[in-house]
Amino acid sequence: MFRLRLAPLRAAVVLAAGFVLLRVVYRVVFGGAGAGAGTGTGPLLLDMPLLRLDGPFSHITLFGPITLVGLGNAALSALPVAAVIVFFGLLNAIINVQALFARGAGRGPLRAISRSLVIAWATFPALLESVRRVRVARSLRGERSIESLLVPIFEQTIERALALAASMETRGFAATRVVTGVCEAPVVLRDAGLNFGAAPDKTGWHLDELNVTLKPATLTVIVGATGSGKTSLLHSMSGLFQHFYDGTQQGRIDIAGADRARTPPRDTAGFVGLVAQNVRLGFAAETVHDEIGFALAVRSVAPPIVHARVLEVAARLKIEHLVDRSIDQLSAGEASLVAIAAALVNHPILLLVDEPLADLDTAARDRVCAVLGQLAHEAGVCVVIAEHNTREFNLIADAWLQIRGSRVHQLSAADRPADRPAGALPIPRSVPAIDATRGGSTGGIAAVSAVPLASIRQLSVLHRPKLVVDDVSFDIATGELIALRGSNGAGKSSLLRAIALPTDAETVIVGGLDVRSLKRRARRQAVGLVPENFDDLLFTITVAEECRRADRTLAGASTAQTFAGLLGFDTVTDAAHLLQRHPRDLSAGERLCLVMAIQLAARPALLLVDEPTRGLDLGARTLVSAALVRAAGHSRAVLFATHDEDFARGLATRTLLMHHGRLSVPCQVLS
Amino acid sequence: MSEISTAAPGNSSDAPADRRARPSRRTDRARPRRSIRWTSWILGGGSLLAVAAFAWPFFVGAVPADAQVAVPIVAFALIPALIVALALTLDREMYTAKTVALLGVLSAVGAAVRIAGAGVGGVEAVFVLLILAGRVYGARFGFLLGLLTIAVSSLLWGGFGPWTPFQMFACGWVGAGAGLLPRWQNATRQNSSGQRIRATREILLLAAYGVVASYLFGLVMNLWFWPFAVGSGTDISYTAGADPGQNLASFALYSLVTSTLTWDTVRAITTVVGIALVGPAVLAALRRARLSPRR
């Protein structure tokens with residue numbers, strides 16, 4: 001409630017001084033700085049001529065004599081107001097208003113506004129982070145306009161608001177009534193159908209004839225291509241599809257006895273838990289403790305009970321050590337576990353999990369899978385997971401829901417979906433013929449072409465206190481399509497960014513030029529990077545406009561043509577339906593191709609792509625791998641980072657392995 | 001698992017069947033409702049009272065001489081009280097997850113813009129956000145966004161003082177005004193070029209409103225503070241006994257030299273440039289937030 005923060009007091013003192021000064025200036029200008037009657041006459045400082053104004057201002061004279069007493073009087077008369085200003089500064093310095101908001105956010109007549117203020121406070125760190133990210137993206141695109149900075153930041157903020165709203169809604173925020181759940185029938189879909197009929201829907205997506213029954217103590221995995229509607233099917237159970245995303249439901253969906261069409265998610269928060277796709281965006285509190293206890297706090301449960309339940313759930317997931325941490329100090333794996341804990345705090349009958357593995361490395365994946373398996377098989381929860389990384393769930397899944405076209409097929413554990421992405425990845429048909437036997441090491445490559453296209457020399461990146469890239473050197477020859485592999489946190493992204501935007505001279509040489517010394521335009525012609533968060537590069541309202549902006553970078557470039565080409569269309573007119581769309585309405589794979597096309601507009605000698613397969617399923621991966629091969633035709637070499645072994649194996653002519661910031665011995669591609 | 005239904009103290013009452021039969025409130029799809037409700041009367045009446053409090057220097061002459069000293073004090077107490085009253089009125093309506101999240105996140109953006117703007121020579125760009133958000137989400141949302149943006153930025157940066165409630169109110173009006181601007185409902189279903197013309201017209205309207213709002217904001221903020229800023233003893237001072245014409249002229253000159261020619265003009269230009277540059281994209285982003293996201 002009380003604390004001391006000097007910054008507001010300092011600001012108040014400055015304001016007060018400014019106020020006094022301003023009043024003196026007014027007196028000088030408007031003829032008030034002479035000594036008034038009855039105060040005696042002080043020494044005359046400056047005798048300025050009087051200037052009388054005309055018309056409606058005839059009662060006003062400017063300037064006039066200035067006396068020391070007059071100035072003193074002016075300053076003195078300002079002191080009461082100045083004192084008020086300092087007083088307010090003092091109040092602001094010692095009262096912790098934030099704590100008051102946090103207290104008011106749970107209950108009381110101003111809970112909506114208080115909760116908004118808590119969210120505003122929690123948004124600031126995210127906002128700073130997003131400014132940092134977008135500034136990098138902007139220099140990668142070579143843009144300097146204001147909108148290329150502000151629009152992506154704003155889009156990220158809106159995305160955060162929506163994720164936050166969804167997570168608050170499913171945890172019972174603003175619930176008006178209490179619905180009780182029936183444990184025996186967690187999910188029953190009878191002749192149900194889903195579509196976006198009401199909203200302007202361009203894709204015509206729909207699911208029909210859904211007949212699904214899920215039992216308690218089972219783990220079900222929803223599989224299907226990107227855009228097939230895994231998330232929509234999941235959210236038809238959470239209720240967000242019908243009540244938040246403006247989807248339309250036909251038929252009947254009963255969740256633990258509640259009619260989903262009529263029951264919004266906030267009213268079923270007591271027995272339906274949801275772990276969203278990007279868990280960090282959905283965090284509504286500032287500490288792990290408050291985050292886990294959020295669903296209870298919004299129902300005005302007494303703080304001691306909330307505390308006990310938070311500790312109980314944390315102990316169950318073995319994350320007691322995280323409880324006192326701040327939300328932004330969590331690793332990706334820890335954040336997932338905290339989000340699961342937050343969804344479990346009400347002891348749900350049904351737990352819905354959306355793509356829990358997308359951002360995790362192997363160790364964290366195993367941990368999350370084990371936790372989900374335990375919840376289903378030991379605690380008796382009905383767990384439903386939408387995920388395209390199905391391999392991890394082969395051992396613990398009891399059933400599969402496979403989306404094919406507009407139908408959903410319920411498969412038992414024995415007959416797993418046939419087209420698992422985890423199996424053999426079809427190698428793109430148009431891989432350029434590359435002699436896989438050549439070059440067992442970097443030396444071997446250098447032997448083939450005398451002068452390497454690019455060479456990286458003793459490149460290091462320091463993110464205090466850690467050296468994330470440690471003395472990396474390698475060469476890239478013309479025509480190569482190189483995969484940079486390594487687990488999460490190995491330093492792949494840092495390495496790629498340091499190659500695209502080097503900070504030290506003579507570390508990145510492309511075509512004989514030191515990239516560090518190049519100007520913006522020449523740098524983009526040497527190296528182009530498609531970063532992991534490729535959406536940050538987009539800032540206009542149509543795809544066509546994005547392409548036009550990109551065309552400015554190089555005379556004669558046709559980004560729209562390149563974009564169509566990357567997608568496998570022959571001419572621009574075949575892709576015309578995409579050009580009029582909002583860039584963020586494209587599918588993830590299409591957006592990645594758009595950003596690749598934008599970066600290729602500068603005709604870079606070396607194209608870098610960071611994690612092109614993240615969050616993509618088989619179909620989109622095939623699209624992207626084909627696009628990478630085509631991109632290799634546009635630039636002279638392509639280097640892509642991935643933690644996906646299968647993807648790299650099917651595509652790359654050479655693989656570099658990264659571990660703890662160092663490059664291991666380059667390994668040979670086996671065909 | 002049977003403890004679930006009784007797990008929380010708040011769960012004691014079961015939902016009555018007749019309540020279930022009632023159509024659910026769909027406030028989270030809040031479209032501006034056309035019907036005038038009692039809250040509209042409170043908002044309108046509150047705003048009128050606030051206008052009176054802002055313009056207190058011109059009302060002093062109308063009160064008996066004994067009470068004249070109390071007028072500024074009443075005005076100063078009235079504005080925070082009105083803010084609390086209107087906030088209480090609007091709080092119930094805003095109590096849905098989506099509105100609260102958008103309000104919180106956008107007021108953080110607004111506060112950041114305001115603080116960053118103070119760092120670059122007082123370039124006030126916060127009106128851009130208030131106007132665009134007020135336009136898309138309506139007058140009530142715009143009003144609250146104005147209030148919260150000023151509250152958050154003042155508390156964070158430290159520019160908190162007796163003027164803060166007045167600033168909150170004035171910024172709230174800027175946002176609310178943008179929400180009340182005329183909308184051309186698509187009378188005819190247009191093709192893409194028609195849509196483009198409409199989008200341009202909208203940006204022009206908002207930019208024009210931005211200019212008006214910038215100058216009015218400066219004027220209104222000068223009005224209540226004028227007697228304090230100048231004090232007595234100058235020729236543009238507020239004189240309680242003088243005829244309204246003279247006071248008005250004094251105020252006009254004060255306002256002109258204080259902000260109209262400088263800050264307000266800078267603010268108007270910033271707002272127009274901001275709306276022209278990021279307006280279309282930000283409007284699209286705000287409107288997309290109401291639509292279905294990608295799957």
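Computed values, structure above
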item: Which listed residue, of B:T200, B:T234, is within 13 Å of chain A (Cβ to nearest Cβ) and at pLDDT 70 or above; result: B:T200
item: Some residue of the stretch B:166-175 being part of a loop (DSSP other than H, G, I, E, B), more than 7 Å from chain A (Cβ to nearest Cβ) and among the aliphatic types (A, V, I, L, M); result: no
item: Some residue of the stretch A:528-548 being under 17 Å from A:P604 (Cβ atoms) and among the basic types (K, R); result: no
item: Within the stretch A:456-502, considering residues that are free of Cβ contacts under 8 Å to residues at least 40 places away in the same chain and within 21 Å of A:A605 (Cβ to Cβ), the one least open to solvent (accessible area, probe 1.4 Å); result: A:A498
item: Count of the stretch B:260-286 residues which are of a type in the set (G, A, S) and within 20 Å of the chain's Cα centre (by Cα); result: 3
item: Pick from the stretch B:242-295, criterion over 17 Å from B:I131 (Cβ atoms) and of a type in the set (K, R), ranking: modelled with the highest pLDDT; result: B:R288
item: Tally, over the stretch B:95-111, of residues that are surrounded by fewer than 24 Cβ atoms within 10 Å (Cβ to Cβ) and among the hydrophobic types (A, V, I, L, M, F, W, C); result: 0
item: Check on A:L554, more than 24 Å from A:D585 (Cβ to Cβ), open to solvent by 30 Å² or more (accessible area, probe 1.4 Å) and in contact (Cβ under 8 Å) with a residue 24 or more places away in the chain; result: yes
item: Long-range neighbours under 6 Å by Cβ, at least six apart or interchain, first residue more than 8 Å from chain B (Cβ to nearest Cβ) within the stretch A:120-137, second assigned to a helix (DSSP H, G or I) and modelled with pLDDT under 80; result: A:P125/A:D328
item: Failed criterion for A:A648 (all others in (1) touching a helix residue (DSSP H, G or I) at 6+ places or on another chain (Cβ under 8 Å); (2) modelled with pLDDT under 80 hold); result: (1)
item: Qualifying helices (runs of 4 or more DSSP H) (wholly inside the stretch A:288-363; at least 1 residues being in the same structural domain as A:S238 (by the TED database) and open to solvent by 60 Å² or more (accessible area, probe 1.4 Å)); result: A:288-292, A:303-316
item: Count - residues of the stretch A:378-396 that are modelled with pLDDT under 85 and touching a Ser or Thr at 6+ places or on another chain (Cβ under 8 Å); result: 1
item: Filter result for A:E143 (within 30 Å of A:K519 (Cβ to Cβ), among the acidic types (D, E) and open to solvent by less than 40 Å² (accessible area, probe 1.4 Å)); result: yes
item: Qualifying residue in the stretch A:219-240 (condition: at the interface with another protein chain (Cβ under 9 Å from one of its Cβ atoms), buried (at least 24 other Cβ atoms within 10 Å of the Cβ), part of a helix (DSSP H, G or I) and in contact with a His (Cβ under 9 Å, 6 or more places away or on another chain)); result: yes
item: Odd one out for A:A99, checked against (1) modelled with pLDDT under 75; (2) open to solvent by less than 80 Å² (accessible area, probe 1.4 Å); (3) more than 10 Å from every other protein chain (Cβ to nearest Cβ); (4) in contact with a helix residue (DSSP H, G or I) (Cβ under 7 Å, 6 or more places away or on another chain); result: (4)
item: Among residues of the stretch A:6-30, those that are within 39 Å of the chain's Cα centre (by Cα), open to solvent by less than 30 Å² (accessible area, probe 1.4 Å) and among the hydrophobic types (A, V, I, L, M, F, W, C), counted; result: 2
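The values are calculated or read from the model by the stated rules, or taken from the named source; none is laboratory data. This one's a predicted model, so the numbers in the text were calculated from it and none came from an experiment. Using ideal geometry, Cβ is built from the backbone for each residue, glycine included, and neighbour counts are taken over all protein chains shown. Please note that ligands, DNA and RNA were not included when accessible areas were found on the heavy atoms of the full protein model with its side chains. Shrake-Rupley method; radii C 1.70, N 1.55, O 1.52, S 1.80 Å.
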